[in-house]
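The values are calculated or read from the model by the stated rules, or taken from the named source; none is laboratory data. This is a predicted model, so every value here is computed, not measured. Quick reminder, even Gly has a Cβ in these numbers, built from the backbone with ideal geometry, and neighbours come from all protein chains shown. The protein model used for the area step is the full one, side chains on, heavy atoms only, and it has no ligands, DNA or RNA in it. Shrake-Rupley method; radii C 1.70, N 1.55, O 1.52, S 1.80 Å.
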Amino acid sequence: RWKRLYLLASGGIGEVWIAHDLQLHRQVALKCLRQDVAHIRSVQKRFLREAYITASLCHPSVSPVFDLYEDGPDSFYVMSLVEGDTLRS
């Protein structure tokens, strides 16, 4: 349902990809569990906890979560894509 286009950023346990939602025809951001740490159960739990917490937030400065795909090392959640400068910039 989502086609990854290119890697936007990588961090401690995750990567953010720009992707195309094939069903709704829009660009989204996928936050994916990094493959090099995805086999560690405690990392999987931490990643899912992050997804649940992010999905529970409702604030203009937080990108809403649209969906969650949970399959151990292939877990990711789908967020709206926010264009603009990074926080670091």
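Below is a table of values for the structure above.
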quantity	calculated
Every residue from the stretch 17-45 that is within 22 Å of Thr86 (Cβ to Cβ) and not in a strand (DSSP E or B)	Arg34
Positions within the stretch 3-16 being more than 18 Å from Gly72 (Cα to Cα) and in a strand (DSSP E or B), in sequence order	Lys3, Arg4, Leu5, Tyr6, Leu7, Leu8, Ala9, Ser10
Single residue of Ser89, Ser10, Ser61, Ser56 found to be among the hydroxyl-bearing types (Ser, Thr, Tyr) and within 11 Å of the chain's Cα centre (by Cα)	Ser10
Candidates Val28, Val78, Val16, Val43 - the one that is touching a His at 6+ places or on another chain (Cβ under 8 Å) and surrounded by 10 or more Cβ atoms within 10 Å (Cβ to Cβ)	Val28
Whichever residue in the stretch 46-72 is in a loop (DSSP other than H, G, I, E, B) and within 23 Å of Thr86 (Cα to Cα) and, among such residues, is least open to solvent (accessible area, probe 1.4 Å)	Ser63
Which listed residue, of Asp85, Asp21, Asp74, is modelled with pLDDT under 95 and within 13 Å of Trp2 (Cβ to Cβ)	Asp74
Every residue from the stretch 53-89 that is in contact with a strand residue (DSSP E or B) (Cβ under 8 Å, 6 or more places away or on another chain) and either without any contact (Cβ under 8 Å) to a residue 12 or more places away in the chain or polar (S, T, N, Q) (or both)	Thr54, Ser63, Asp67, Tyr69, Ser75, Ser80, Thr86
